[in-house]
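Taking it in order: structure first as structure tokens, then the write-up.
Every number here is computed from the coordinates shown, using simple stated rules; none is lab data. Everything numeric here is computed off the predicted structure, so don't read it as measured data. Here Cβ is always computed from backbone atoms with ideal geometry, including for glycine, and neighbour counts include all displayed protein chains.
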Amino acid sequence: MAVLLAVYIVLIGWRAVQFVMTGEPIAIGIGIALIVLPLVGAWALGRELLFGIRTQRLVGVLEAEGALPEEVLPTRASGRPLRDAADEDFGRFQAEVEATPEDWRAWFRLGLAYDASGDRRRARTAIIRAIALERSAH
């Protein structure tokens, strides 16, 4: 994906320069937009890659400590946990965060529980919180 974005930036960048060099106001506006939009895309891709790297690092730490939650939930054929079972299991992770709100491990496990329940937005928020807490601990 990153390579495709780089190719896109180069090709669109060249087209943007061509638009700007025409001197026409509308073409200049299009050229500027063609420069800005790929930069926003590159920034977003960079954020996602960094999130993935940091998340994977925390998974490695929890795995080495033997602190990852066990996957004992019944699953669908796709391998995703059944939502009802995940929702029932969710309470213990939420209680752990309430008991130790500054523990990144608790927040990370809560993020995994949110993910198992199908709530991607809250899962991401909890994992971002875990990353921030872990980084501030060092």
For helix 25-65, report the angle its Cα long axis makes with the longest principal axis of the Cα atoms of the chain; keep it between 0 and 90° and round to the nearest 10°.
20 degrees
Take ALA33, project a point 7 Å from its Cα along the Cβ direction, then tell me which residues of the stretch 1-27 have their backbone nitrogen under 17 Å from it.
12-27
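Per 0.36 nm of contour for each residue apart, how much would the distance between ALA44 and GLU63 grow if the chain were fully extended, relative to their Cα-Cα spacing? Intermediate values should be presented prior to the final figure.
Numbers: separation 19, 0.36 × 19 = 6.84 nm, distance 2.84 nm.
Length gained, ALA44 through GLU63: 4.0 nm.
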Calculate the spin-label point distance for ILE26 paired with ILE53, positioning each point 7 Å from the Cα along the beta-carbon direction, and give it in nanometres.
4.3 nm
